[in-house]
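Engineer: Have a look at this one before I ask anything.
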Amino acid sequence: MAIKLFNSQTSMFCEKVRVVFALKKVPYEVIDVRADERKSLLEYTNQRKVPTLNYNGECVIDSTVISARLEKDHPQNSIYPEGANNKGLCLAIEDWSDEVLVHANHAMRRADTPEAKQKAEAEWDTLFKTLELMYAGKKFIFDNKMTIADISIFSQLHYLYTAVKYDVPAQYKNVHAFLENMRQTLKLKSLAESFDAPSL
Ligand SMILES: N[C@@H](CCC(=O)N[C@@H](CS)C(=O)NCC(=O)O)C(=O)O
């Protein structure tokens, strides 16, 4: 039975999972949910969210759960750092990125008045300051090895400057250096390119 990913090319959470698949060099089929307005996804899962995986017949929903599931069966090129403490920290950062950065992305995307835009910019400014500290003097957060923490953060930032069309301000030099490292590691031709390579 094949592994099938219910995917939307513009979803940041789907991009996160596509990177994990590529890192682990696990082949999978893509089902574009936009092609049938999520009809087949709804039929299969009774819910609308992507990424959803049909993992050899097992239904797995949510990018964090999917990533952990892939790691379990395909431990090569681990998406977690070495050691229990670092793994705990990595999972906490993954969750922070998926819950907090995504909130700031939605706020920026929905900002339709100058006040709302200003508020969203202030929210991102606080987050950029945190990211700037996290990446100070570091290529990636843990041991100079790309983990799911970096992948989650990259997916949200990528969505911010492509779909939302809000550029990371130039003053955040460590954030820019991180994005450039991710571009090179993921072999993206440009930072705007969405990640869909089958393997890395
Ligand atoms: N926590 C989930 C979030 C998934 C999510 O919000 N997916 C969005 C696309 S980025 C979606 O499918 N939304 C459609 C809907 O809720 O109807 C994850 O990590 O996978």
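The values are calculated or read from the model by the stated rules, or taken from the named source; none is laboratory data. In this text the structure is predicted, and so the values were computed from the model without any measurement. Reconstructed Cβ throughout: ideal geometry from the backbone, glycine too, with neighbour counts over all protein chains shown. Surface accessibility is based on the protein's heavy atoms, side chains included, excluding ligands, DNA and RNA. Shrake-Rupley method; radii C 1.70, N 1.55, O 1.52, S 1.80 Å.
Engineer: Using a 1.4 angstrom probe with every protein chain in place, what is the largest-first accessible-area order of E132, E82, E121?
Structural biologist: Output order, biggest surface exposure first: E82, E121, E132.
Engineer: To continue, here is another question. Calculate one ³J(HN,Hα) per residue across the stretch 38-47 by plugging θ = phi - 60° into the Karplus curve 6.51 cos²θ - 1.76 cosθ + 1.60, and present them in order as whole Hz with x for glycine and proline.
Structural biologist: Per residue, the Karplus-derived 3J(HN,Hα) values read 6, 4, 5, 5, 4, 4, 6, 10, 6, 8 Hz.
Engineer: Sticking to Cα atoms, compute the Rg of the chain to one decimal and its Dmax as the biggest Cα-Cα distance, whole number, in Å.
Structural biologist: 16.8, 52
Engineer: On to the next question. In angstroms, what radius of gyration and Dmax does the stretch 107-185 have, counting Cα atoms only?
Structural biologist: Values for the stretch 107-185 (Cα only, Rg and Dmax): 13.0, 42 Å.
Engineer: Please work out the FRET efficiency for the pair Q118 and A177, using the Cβ-Cβ distance as r and a Förster radius of 25 Å; give the result to the nearest 0.05.
Structural biologist: 0.35
Engineer: Mind listing which trypsin sites (Lys or Arg not before Pro) in the stretch 1-77 are in a DSSP loop and have 16 or fewer other Cβ atoms within 10 Å?
Structural biologist: K25, R34, R48, K49
Engineer: Report the net charge of residues surrounding K25, where surrounding means a beta-carbon distance below 14 angstrom and charges are Lys +1, Arg +1, Asp -1, Glu -1.
Structural biologist: Neighbour charge sum, excluding K25 itself: +1.
Engineer: For every helix of n ≥ 4 consecutive DSSP H residues, a contribution of -39,500 (n - 2.57) applies; sum these over the chain, divide by its total residues, and give [θ] at 222 nm rounded to the nearest 500 deg cm²/dmol.
Structural biologist: Helices in the chain give a 222 nm mean residue ellipticity of -16000 deg cm²/dmol.
Engineer: Could you tell me which trypsin sites (Lys or Arg not before Pro) in the stretch 123-193 are loop residues by DSSP with no more than 13 other beta carbons within 10 angstrom of their beta carbon?
Structural biologist: Those that pass, being in a loop and sparsely packed, are K165, K187, K189.
Engineer: Using a 1.4 Å probe and ignoring any ligands, DNA or RNA, find the accessible area of H103 and quote it in Å² to the nearest 10.
Structural biologist: Answer for H103: close to 110 Å² accessible.
Engineer: Helix hunt in the chain: which complete DSSP H runs extend at least 15 Å axially by C-alpha with mean Kyte-Doolittle at least 0.5?
Structural biologist: 12-24, 148-162
Engineer: Can you tell me the relative contact order of the chain? Whole percent, Cα pairs under 8 Å, sequence separation 6 or more.
Structural biologist: 27 percent
Engineer: Anyone know which of T64, T126, T162 comes out most mobile in the 10 Å Cα GNM of the chain?
Structural biologist: Taking springs between Cα atoms under 10 Å, the residue moving most is T126.
Engineer: Still on this model: When only Cα pairs under 8 Å and 6 or more residues apart are kept, what is the percent relative contact order across the stretch 111-181?
Structural biologist: 34 percent
Engineer: Please state, to two decimals, what the Cα-based radius of gyration of the stretch 106-148 comes to when divided by 2.2 N^0.38 Å (N = residues).
Structural biologist: Normalised Rg, Cα atoms only: 1.56.
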